[in-house]
Amino acid sequence: MKKVVKFGGSSLASAEQFRKVKEIIQAESSRRFVIPSAPGKRSKKDTKVTDMLYECYALAEAGKDFSHELRLIRERYGEIIDGLSLTLSLQEEFEKIEKQFLAHAGKDYAASRGEYLNGIVMAAYLQYEFVDAAEVVCFQENGRFDASRTNEVLGERLKNMPNAVIPGFYGANPDGTIRTFSRGGSDITGSIVAKAVHADVYENWTDVSGFLIADPGIIPNPEKIETITYRELRELSYMGASVLHEESTFPVRSEGIPINIRNTNEPDNSGTWIVESTCQKSKFVITGIAGKKGFCSVNIEKDKMNSEIGFGRKVLQAFEDNGISFEHAPSGIDTMTVFVHQDEFMNKEQNVVSALHRLADPDMVDIEGDLALIAVVGRGMKSVRGTAARIFAALAHKNINIRMIDQGSSELNIIIGVRNDDFEEAIRAIYNMFVLVQL
């Protein structure tokens, strides 16, 4: 058994958290490759080290004195090192960082130093070998991640190492300059390493015990998802469910490597397993509920629309020509509705309406704003009759009007459109129908 383990910022925010992490790693000899994030918040009022680095570099870029801010960052690491009783000095590293900041090395370089320094501390604490991600995670000159090159270089570098620490979040361009992934990109690094070493499991340790069926900000103490497929996760992540960086699943998915989301503060909790496919039945008919506010619908009506070849293309071209992507486009025999993000659309709405009339010659165009979309996702829905009817019944019972319904051909998800004002109540109604009623 070979495991890659990634620890998030909250898991490495203090010396106390580092000790928890060491216990987790040493509990299983299979946990061989460790990907650390930068130190996160120690409390709600605290600041993440990555944000401290951004602030510090902004001062340097503006030609202002940043010595105070850099000293605060040095003190954060000093607290961890002293708390772990390590004989480690980061003096030389901070001198390099100061020089690079003065030379305006770039925001990516600045942001990456949180993971880089934490990787050095973690390697010293575990007595593992440190591998700088800049030497093994490759980007192309255009800034795109070079997956094949990285897999080759990383696999060769780690092939004969029993254990190693590889910082998350960053890599390097061909010329050696630092390039970062988007925020939360340490999840991606963990997935890349798991693929390169042909891991059996990629464990992602964070401050929650896996994915929850619904947003705990809306549903008090929602049930945990035991097992979820990559496709289900993709649907829920798209609608705002966020525990794992959405791009982090692709490297391991192509290799059939499962991801296990675990809680550093509750290591005995089995968390959530993310797998390609499974014969295990969900505890409930649905796997999860997620949604977003802030959409608007553009309803296009035209008699005999169904017999006009290219009508749909003409409609969508009106949005494309104005640089607007669409979310859903349900249609009827004489109608087609396009859902778009309201903040992207509102300043261009009349341009789009004009383009629709010019390109598609509709009988009427009607716009409705302040809508929310809710995704009800579950691999078990296709084998259970009446799922949509139960959703309708749950919403009707709460006097919530459905503005749109769209079901994919895979029967993996059903998208519901409601008013923004009904969003939270709609999620509660659906959760109560499919989860509380079954408990």
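The values are calculated or read from the model by the stated rules, or taken from the named source; none is laboratory data. Computed from a predicted model, the values in this text were never measured in an experiment. We place every Cβ from the backbone using ideal geometry, glycine too, and count neighbours over all the protein chains shown. Side chains included, ligands, DNA and RNA excluded: accessible areas come from the protein's heavy atoms. Shrake-Rupley method; radii C 1.70, N 1.55, O 1.52, S 1.80 Å.
Brief remarks on what is shown
- Residue in the stretch 195-204 that is under 18 Å from Y116 (Cβ atoms), among the small types (G, A, S), out of contact with any Pro (no Cβ under 7 Å at 6 or more places or on another chain) and in contact (Cβ under 8 Å) with a residue 12 or more places away in the chain present: no
- Looking only at the stretch 199-238, residues that are over 20 Å from I188 (Cβ atoms) and in contact with an Asp or Glu (Cβ under 8 Å, 6 or more places away or on another chain) come to 5 in all.
- Only a single criterion out of (1) exposed (fewer than 15 other Cβ atoms within 10 Å of the Cβ); (2) of a type in the set (A, V, I, L, M, F, W, C); (3) within 25 Å of G217 (Cα to Cα) is not satisfied by V377, namely (1).
- Checking G176 against (1) over 17 Å from C138 (Cα atoms); (2) surrounded by fewer than 20 Cβ atoms within 10 Å (Cβ to Cβ), the condition it does not meet: (1)
- Extreme residue, most open to solvent (accessible area, probe 1.4 Å), among residues of the stretch 278-288 that are in contact with an Asp or Glu (Cβ under 9 Å, 6 or more places away or on another chain) and in a loop (DSSP other than H, G, I, E, B): K283
- Of all the residues in the stretch 131-150, those that are within 14 Å of V193 (Cα to Cα) and more than 22 Å from the chain's Cα centre (by Cα) number 7.
- In this entry, L59 is excluded by the filter for residues that are modelled with pLDDT of 95 or more and open to solvent by less than 30 Å² (accessible area, probe 1.4 Å).
- I405, sole failed condition from (1) open to solvent by 10 Å² or more (accessible area, probe 1.4 Å); (2) under 18 Å from V437 (Cβ atoms): (2)
- When the stretch 141-161 is limited to residues that are of a type in the set (S, T, N, Q) and in contact with a helix residue (DSSP H, G or I) (Cβ under 8 Å, 6 or more places away or on another chain), the one that is nearest to D108 (Cα to Cα) turns out to be T150.
- Checked against the criteria, V165 counts as in contact with a strand residue (DSSP E or B) (Cβ under 8 Å, 6 or more places away or on another chain), open to solvent by less than 30 Å² (accessible area, probe 1.4 Å) and closer than 21 Å to F94 by Cβ.
- Among the residues here, R32 qualifies as open to solvent by 50 Å² or more (accessible area, probe 1.4 Å) and modelled with pLDDT of 95 or more.
- Cβ-Cβ contacts under 9 Å between residues 6 or more apart (or on different chains), taken from a first residue in the stretch 1-29 that is touching a residue at least 40 places away in the same chain (Cβ under 8 Å) to a second residue that is assigned to a helix (DSSP H, G or I) and surrounded by fewer than 13 Cβ atoms within 10 Å (Cβ to Cβ), are listed as A15/D82.
- For the criterion of being out of contact with any Lys or Arg (no Cβ under 9 Å at 6 or more places or on another chain) and on the phi > 0 side of the Ramachandran plot, G369 fails.
- Residue ID - least open to solvent (accessible area, probe 1.4 Å), chosen from residues in the stretch 62-98 that are under 17 Å from G119 (Cβ atoms) and hydroxyl-bearing (S, T, Y): Y77
- Checklist (1) surrounded by 20 or more Cβ atoms within 10 Å (Cβ to Cβ); (2) free of Cβ contacts under 8 Å to residues at least 60 places away in the same chain; (3) of a type outside the set (D, E, K, R); (4) not in a strand (DSSP E or B) applied to I257, failing item: (2)
- Taken together, the residues in the stretch 222-254 that are in a loop (DSSP other than H, G, I, E, B), at pLDDT 90 or above and not hydrophobic (A, V, I, L, M, F, W, C) amount to 3.
- Given (1) open to solvent by 20 Å² or more (accessible area, probe 1.4 Å); (2) under 23 Å from T264 (Cβ atoms); (3) in a helix (DSSP H, G or I); (4) touching a helix residue (DSSP H, G or I) at 6+ places or on another chain (Cβ under 9 Å), index of the condition F18 fails: (1)
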